[in-house]
């Protein structure tokens, strides 16, 4: 489930696109996306939940969270 409240800061381990990543956290998803230079055409999936643009500011990443950054591609 998505979590919304921040806690005191410490080093946490996340899984990003299948790879381990250590960072200071809890970390707001918005800040995480800015650090990773995720553009407007990127979609974040946190713990198997697709996070819409309107909810990015509400999600806080914590120890053990799994994040997949997906790039949207147009077809034709």
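Values in this text are rule-based calculations from the coordinates and carry no lab data. Keep in mind the model is a prediction, meaning the values are calculated, not measured. Counting neighbours? That spans all protein chains shown, and the Cβs are built from the backbone with ideal geometry, glycine included.
Describe numerically, in nm with one decimal, the distance between label points set 7 Å from Cα along Cα→Cβ at residue 71 and at residue 19.
1.4
Apply the Kirkwood formula to the stretch 11-71: the hydrodynamic radius equals the inverse of the mean of 1/r over all pairs of different alpha-carbon atoms; give it in Å with one decimal.
11.4
Can you put 48, 58, 65 in order of Cβ neighbours within 10 angstrom, beginning with the fewest?
Ascending number of Cβ neighbours within 10 Å: 48, 58, 65.
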